[in-house]
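Here the structure is laid out as structure tokens; the discussion comes afterwards.
Laboratory data are not the source of any read-out in this text; all were calculated from the coordinates shown. In this text, all values refer to a predicted model and were calculated from it rather than measured experimentally. All Cβ positions, glycine included, derive from the backbone under ideal geometry; neighbour counts span all protein chains shown.
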Amino acid sequence: MALLEVEDLVVQYYTDDGVVRAVDGLSYEIRAGETVGLVGESGAGKSAASRAVLRLLDGTGEIVGGEIRFRGRDIRELSADDLQAIRGNEIAMVFQDAGAALNPVYTVGEQIAETIRVHEDASDGEARNRTIALLDRVGIPNPAARYADYPHEFSGGMQQRAVIAMALSCDPAVLICDEPTTGLDVTVQAGILELLAELAAKSETAIQLVTHDLGVVAELCDRVLVQYAGEIVERAPVDELYYDPKHPYTVGLLAATPRLDDDRERLPTIPRPAPDLVDPPTGCRFHPRCPYAEDCCASRRPSLVDPVSGRPVDGDPETHVAACLEYTGDLEAGLDYEVQIRDDADSNCRERKQQGEPR
Amino acid sequence: MSLGRYVGRRLAVTVPVLFGVTALTFSFVHLLPGDAVDAIVGFRAVSPATEAATRAEYHLDQPVWDQYLLWLRDAITLEFGESPVTGRDVSATIGRRLPATLALGGAAWLLALAIGIPAGIVAAVRAGEPADEVGRLAALAGIATPNFWLGLILLFVFSVRLGWFRVLPPDAPLVSLATAKFLVLPTITLGTASAALVMRLLRSSMRRELDATYVTAARAKGLPERTVILKHVLRNAVLPVVTVAGLQLAFLVDGAVVVEGIFSWPGMGRLLVQSVLQRDYPVIQAIVLVIGIAIVLANLLVDIVYAILDPRIRY
Amino acid sequence: MSDRQPTTDRGRIRIVGFDEATEQKRDSDASSDAADADGAAADQSIASRAATGIESTTASTSALAQPGRRLENAWRRFRRNRSAMAGLAVLIVMTVLAVFARPITVATAEVTVTLQPFSLAPSDPAAMFVGPPNASPSPAHPFGTDWAGRDQFSRVLVGGRYTLSIGLVAVGLALCVGVPLGAIAGYFGGWIDEAIMRVVDVLYAFPFLVLAIAIVPILEPVPILGSGYWTVVVALAVTGWVGYARLIRGEVLSVREREYVTAARALGVPDRTIIRRHVVPNAIAPVVVQATLNIGTVVLTAAALGFLGLGLEPGSAEWGAMLAQGRSSLLRGDWHVTVFPGLAIFLFVLAINLVGDGINDALEPNRDVDDDRRRMR
């Protein structure tokens, strides 16, 4: 039994324009200690999916179907008290905008210590000492002094470190990071990524990393889930996803990732904007944007299958699966793309010296 | 910047406004058509000797600027002279009336907070639900009810028909059970609209705060919903409500002017109305000045309290 | 296709084929695109809608959109708002009753022109002893009679004329003063701003009613203001403009930094034109809302003045003044003299508030009425 199992999760938002199915039949699992990336464009429902895990949907969002099992217990069925005992204690969250995630009128230290006090039978002094140790652990210099600082006195990167410290305060089994580096300066991003990488490697904490940035995923994750229009379209161990992407959407994302050594004149993009989730496309949801789409794609909905055997998804989360009709043998022309490995020293050695590889 | 320097700067902005308030109050008598002496004595026929004395007392024989400065000097030392209508010392009269108004206003303010804050919290948390709709209509009704009408109705139902809260012993001390009982109806009359205002303001600022990420973050930490609302949301949501304490004060003063008359409560508001009806200008001037300065100082206090409550503000 | 072998090499990757396929698809689609074009356009708009829908709509409708269209949309939203429509209905009924209560005539020395011949009110509001004094409601006098035997029903109907017109005229006058001054202060800044805003600060030190009370005796002897009616109107306008000045100044400050204003300025458009064409239309929505709501405040204050016996001549059929007269009847136990005028004020102010909230929700759904009210202080 995996630590966290999400099965057929459906999340809806009620807007003036209609019901938005931000998450539509999502299933995945996270095992203890592993780091799983959830990747997709903005609006693909990644944040909704992660917030649903702790029943923290904002606005009109509502979980309308599926199960979220943590250590075998369905989080949807928990009482308010049981849910509070899990939040921040067993499953913790790191938010995209750390500045907004900290309450402006309380000191950073107080907000972290508060978490410890609510979950553990700690005195004020113990909570304070542990908070200072946590601030130190996430790389905040002079932690004892910064304890009494207000959030606005922290820089953006330091705020994110504080939020991570808050999430780590009760040694959670799962850490959900929702776009933890978006909006930060590149240099600051690198520091936060380093911190998360260290965490992923050294601690027992499993991490669910939500991001639109494939570079971040490459650096941190063991496995990747690619989400498109509320559904998972591909799931693979991180290496396989990059070197052998199976779903045309993943291919498009990879092709659209800017690189420093690009000699292309123009960055390719996936044509057309992300689909309307009030009235999603029929058949394969990616077909209006897919360069390989054929007539059958508009009518038949592909399911996640093993691309080699074409068999439906089995129990092993390590299996590479993708949801494209190509792998059930329905496409006539096939998928015409190629992954080139540009490691040949002759053409690119100069650039290689100038910048580090993500992997 | 330190809090002390912030207060200093805020004080510096207040001083010109205080001068404006005194200048406006001073010019009040001079804006009246005709000779200022006539206004001061209430447009009655007076003997030339009285006129000369009045002219000298109010420095009307001097240039306007000097008049203002002399008047200001008198005002600072609380020397408003005697009322030409009643012959009583203006400062003493106001001094006698002020505590009654403070008692009524304070009670109404407490009532407004006691109703408005919990109602605002409930309405914000239950936004869109029946409780919120009921609260919204109640608040609208509270704002739309003329306080003099409400006062009359309460008076009719409770005093005339039911015979409660009827008599105030004429010499009851301000702090006594009899007075407190008598104050019940005026307090409700005066506090209702304020409560509605507090509720609406708090509801709207809580709604805004409830959408903030830090609220989700507080829930994600596993805090009980009560703590999230009362510790995290409310603390931020009261900040905008604090800024309107000056408005609240003005609102209560306006209400007191009307309500004191209905219930024959011997406060400043009733004094003001009596003075206007009797054209007792020195008294009107003094009351208006006291009210103006009180509101300016209240706004100053509000800004300082705000700066203490919100760590982000240190200009 | 399946001839593509998974590589075991590790290094920098590059995808070949996807972009080319996209190009090809685009070309081949071009022919069939004519049919698909509006579909794609719809796609685009829907997608952006969906995106904002999820992250809760924050972008407000662009004020640069066609004004006619904007008003049309606002009216559509307003019509869907049931409480606002109820308020509007109450206002319309009250207005009609007030206008048609008694005939309106304009008399000069020679001729008398009747503008409005209808007479819904059964008797002249000033006529005494049309019934017994202090009579309880009866079919002949649905609201009873007051101490002088005047028909309360007629007086309440006609009294609406004072209330409605004082509210409209005083708010209109206050707008005429406050909006230009606030716009000028916000747009030009500097000492002009300082001067205007210090005056506003000083006036704000005095509560609305207290200031009006203090102003009434100053205005009363002014001959051109004639009867007490204009004294009250002017007193309320003098005290009322400051709120609009402050509100519109804040709006202007935020609007004038926007790009299209900078662009207009760079093109050499005169300041006056920029204010009139770009700044005010954008800033006007909250002012309209607050002005509507303020009609309620002004009506309450006017009634309070009437109640205190200030301004209008004693015995006027003004709701506040009627309440003041009803006080003694009330203490004797005659409730009807007090209840009906008060109920009329209450209904009117309630309706104005419902309509004001409705206008706000229709014009700027993301704006908060109470927040603006706060900022006017």
Please compute the length gained on full extension between C:T273 and C:L120, using 0.36 nm multiplied by the number of residues separating them and subtracting their Cα-Cα distance.
50.3 nm
Report the calculated FRET efficiency for A:D314 and A:E67 (r = Cβ-Cβ distance, R0 = 22 Å), to the nearest 0.05.
0.70
Stokes-Einstein D in µm²/s, Kirkwood radius over Cα pairs - chain B at 4 °C with 1.567 mPa s viscosity
58 µm²/s
Looking only at other chains, what is the average number of their beta-carbon atoms within 10 angstrom of each beta-carbon in C:261-272?
0
How well do other chains shield peptide B:137-148, expressed as the mean number of their Cβ atoms within 10 Å of each residue Cβ?
6
Tally Lys and Arg at +1 and Asp and Glu at -1 over the other residues with C-beta under 9 Å from the C-beta of C:M322: what net charge comes out?
-1
Round to the nearest 0.05 the FRET efficiency obtained for C:M85 and B:W164 when R0 = 41 Å and r is the Cβ-Cβ distance.
0.50
Which FRET efficiency, nearest 0.05, do C:R198 and A:A122 yield, Cβ-Cβ r, R0 60 Å?
0.65
Asserting the computed 222 nm helical MRE of chain B (DSSP H runs at least 4 long, -39500 (n - 2.57) per run, divided by residue count, to nearest 500) equals -24000 deg cm²/dmol
Just want to confirm a number: the relative contact order over chain B, from Cα pairs under 8 angstrom separated by 6+ residues, in percent.
28 percent
Footprinting proxy, C:M85, C:M94: sorted fewest to most Cβ within 10 Å, the residues are C:M85, C:M94
Within the range C:138-156, find all residues whose amide N lies under 16 Å from a label point positioned 7 Å from the Cα of C:M128 along Cα-to-beta-carbon.
C:145-152
Rounded, prolate or oblate: which fits the range A:69-128, taking a ≥ b ≥ c as square roots of the Cα gyration tensor eigenvalues, rounded meaning a/c under 1.5, else prolate when a/b beats b/c?
oblate
For A:K46, list the aspartates and glutamates whose Cα falls under 13 Å from its own Cα; do not include residues on the same chain fewer than 8 positions away.
A:D24, A:D178, A:E179, A:D213, A:E231, C:E55
What is the Å³ per residue value for the convex hull set by the Cα atoms of the protein assembly as shown?
243 Å³
Karplus ³J(HN,Hα) for the range A:184-201 (6.51 cos²θ - 1.76 cosθ + 1.60, θ = phi - 60°; Hz, whole; x = Gly/Pro) runs 9, 4, 4, 5, 5, 3, 4, x, 5, 4, 4, 4, 5, 4, 4, 4, 4, 6
Anything in chain B that counts as a DSSP H helix reaching 24 Å or more along its axis (C-alpha) with Kyte-Doolittle mean of at least 1.6? List them, would you?
B:245-262, B:281-309
Straight-line reach from A:K202: which lysines have Cα under 25 Å away, leaving out those fewer than 8 places along the same chain?
B:K221
The range B:1-117: C-alpha gyration tensor shape, a/c 1.5 cut-off, then a/b vs b/c:
oblate
Treating the angle as unsigned and between 0 and 90°, give the value, to the nearest 10°, between the Cα long axis of helix A:124-137 and the longest Cα principal axis of chain A.
40 degrees
Simple SL model, points at 7 angstrom along Cα→Cβ for C:R77 and A:D171; separation in nm is 5.3 nm
Peptide-level mean, for A:100-108, of C-beta atoms on other protein chains within 10 Å:
6
What's the angle, to the nearest 10 degrees (0 to 90), between helix A:345-354's Cα axis and the longest principal axis of chain A?
20 degrees
Quick one: B:V290, C:V111, fewest Cβ neighbours within 10 Å first, how do they rank?
C:V111, B:V290
Report the far tail of the P(r) of the range A:45-163, meaning the percent of Cα-Cα pairs longer than 17 Å.
62 percent
Label-point separation, A:K202 to B:A180 (7 Å along Cα→Cβ), nm
6.3 nm
How far apart, in nm, are the 7 Å Cα→Cβ label points at C:A107 and B:V305?
5.7 nm
Counted neighbours (other Cβ, 10 Å), sorted fewest up, put A:C290, A:C324 in the order A:C290, A:C324
